[in-house]
Each structure stands twice: as C-alpha cells, then as structure tokens.
1. Rounded to the nearest 20 Debye, what is the dipole magnitude of the range 208-299 about its Cα centre when Lys and Arg each give +1 and Asp and Glu each give -1 at the C-beta?
2. How far is helix 275-301 tilted off the main Cα axis of the chain, in degrees rounded to 10, range 0 to 90?
3. Summing Lys, Arg as +1 and Asp, Glu as -1, what charge do residues with Cβ under 14 Å from the Cβ of residue 315 carry, residue 315 excluded?
4. Can you give me the Cα centroid spacing of the range 277-312 and the range 64-100 in angstrom?
5. Would you mind working out the magnitude of the charge dipole of the chain relative to its Cα centre, with +1 at each Lys and Arg C-beta and -1 at each Asp and Glu C-beta, to the nearest 20 Debye?
6. Roughly speaking, what is the stretch gain from residue 152 to residue 120, that is 0.36 nm per residue apart minus the C-alpha to C-alpha distance, in nm to one decimal?
7. Assuming R0 = 35 Å, can you tell me the calculated FRET efficiency for the pair residue 338 and residue 3, based on Cβ-Cβ distance, to the nearest 0.05?
8. Divide by every residue of the chain the summed helix terms, -39500 (n - 2.57) for each DSSP H run of at least 4, and state the resulting mean residue ellipticity at 222 nm, rounded to the nearest 500 deg cm²/dmol.
Amino acid sequence: MAAKFTPRVFSGIQPSGGLTLGNYLGAIKRWVAMQGPDFETIYCVVDLHAITVRQDPDKLRRSTHEVAAALIASGIDPEASVLFNQSQVSAHAELGWIFNCIARIGWMNRMTQFKDKAGKNAEKVSLGLYAYPALMAADILAYHATHVPVGEDQKQHVELTRDIAQKFNHDYGVDFFPITEPVIEGPATRVMNLRDGTRKMSKSGESDMERINMLDDADTIARKFKKARTDPDPLPGELEGLKDRPEARNLVDIYAGLSDRSPEAVIAEYAGAGWGRFKPALAELAVEKLVPISDEMRRMMAEPDALDALLARGAGKAEAISRPILEQVHDIVGFVRSRG
C-alpha cells in the first residue's frame, strides 16, 4: 500500500541581494496565497545555496534579513507558516550529501541552470554550484514536501527531485519519499525585463531601469514604468494579439499579477488603449501594492535582532519536522545511530 503524506508545501529563495518584482510575483505572492487549511507551508531563505558563488559575509547577513523582511511584509505569517534560514537546520546539508550519492552525474550534466551560470568557465566554478540541485532536492524532501511552487525555469529542479526520490525508494525497497509535484500557475510566474521583454527581470541586470526593486519608492516605481519599453501599437482586443509583442505582454502580465486578475480580463478592460493610458494605470497599481511592502521591509530591517528571533523560532519548527525524517533515512541507508 502506498504511503500517505501530509499535504506540505516547501519553497525557498536565495538571499543574494536586491529582491525584485519578479521575486514577488513569481514566488512570494504565490507563497502567501498557499497559506491556509489545504497545506502545511514551509518557506526558507536558502543561504547555503547562496554561497555556491562568493559572498561578502556582511552582505549575506543583510540580504538574509532583507528576504525574511520581504516575506513577512508581503504576508507570510511566521505563526501560520514555518519560516527560517536554511543554514540553521543541519538536515539540509546532511540529506544533501546522501542525495549526492543517489543522483547520477548524467542527471547533473543535463541541468541547464548550471550551464547558464557557469558559461565558459565551468572548470573554475565551485563544486557546490554543480551539485546544488541535489541540495535543492534535500531542501524539499527533508520535509516530505508534496508540492513546490516554482517558476517555469525551476521545473527541471523539481523533476530532478522526483528522480532522486524514486531512485532512493527503488534502491532501498521503500515507499519513503513522496514524488513531489511542481505547482506552476498564475499570470506572472516569469516576470520579464522592462527594457527587453525577451529576458527575465534580474537583480544583476546592467541597468536599474530594467527592474522594479522591492525597496524602490513610489516615484522610482512610477518613473520606471513610464520609461518601460513598449511598441507603437495600442493594446489589442484579445490576448492572442500580444503573441509577438513581448514587452507589451510583459506589462499586461504584471498588471494581471498585481491585480489578481487574468491577462484576458486586463485586455478586455484596456482593449484599444494606448500606452499613455495603460502605463500610468499600471504605475498607480504597482505603487499601491508595493510601497506598503517596501515601507514595512525597511522598518523590519532596522530591527535585525527581532528578525533573528523570528528565524530562530522557525528553525526550531523546521528541525522538529526534518530531524525525524532524516533519522529514518539513516536507518534505511544503514547508518549506526548509537547516540539515541
């Protein structure tokens, strides 16, 4: 008989500095929506993943606080969800090593994100950058998570997690790890660059005008949307009319994501409208939704001790879930546990 698993969501975000609107619409806003009676929700600042590339220690601490503040200011309730930073719970690294021994080199070689990040310098990057998908699988399976909200570009990592779970279960003749399902939904799961609609919005882009930062003030947000690249044509009457208009489609998707509406509903309202009407409306909506979050983030980041206390409590909750699972893994693998 197949094992029954508690419906449980896990997802994490790297503290690499400079959260953007892409992080908010593509991840954080969706995490908030998944809180409730349907799932146990576990959200993590994945600082172990951050050090796969060199990090300044002081900046890493600040970025960890920034992410934690953004999650809470956006609506993640530390009482309703488990919220912590990864390095405080050792099960992630311990299970990550075991999964390094389950995963196959061929699987890792197919991971497109490593190829994208390493580029032509693959021989010079850290081993951690190559192996981190196994750690990501451990992040998820240390909690027997059944669902992971991800963007389309992260789906491959969940597929690897499923492969690792299936191979572990098969190799040891157990039905221990769940086969995790990716959750990919929403109108703006992949927010694009404001100056080039074919590229993802990124904190590492060349120009700050390419992105909306979560700590931008109202005037900056309005200015960036006003100067966002578009085309000369008005908005069409149907979504199909945006097929070959990436910048226009991106702005419509952002409006939809911020307003909790479908892109079709946005097009229906603004059909025939020019950018002189649509951009100011989008800017006003973005200011309304984002500025209260940025204000609360600044307030919380000014009190790092309070944030540390919240993360510590969350780590204790995470440890209580993951430690028994890890101990069962030790027994299954054949490790001697004589310390009780």
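1. Numbers: 15 positive and 19 negative charges, 51 e Å.
Charge dipole, the range 208-299, about its Cα centre: 240 debye, nearest 20.
2. Approximately 40 degrees, to the nearest ten.
3. Numbers: positive: 313, 317, 323; negative: 47, 139, 308, 319.
So the environment of residue 315 carries a net charge of -1.
4. Going from one Cα centre to the other spans 19 Å.
5. On the way: 42 positive and 47 negative charges, 159 e Å.
Here the chain has a charge dipole of around 760 debye.
6. Values: separation 32, 0.36 × 32 = 11.52 nm, distance 2.44 nm.
Here the answer is 9.1 nm.
7. So, using R0 = 35 Å, E works out to roughly 0.80.
8. Helix contribution divided over all residues of the chain: -16000 deg cm²/dmol.
Only the coordinates and a few stated rules stand behind these numbers; no lab work does. Because the structure is predicted, anything quoted here is derived from the model rather than measured. Note that each Cβ is placed from the backbone with ideal geometry, even for glycine, and that neighbours are counted across all protein chains shown.
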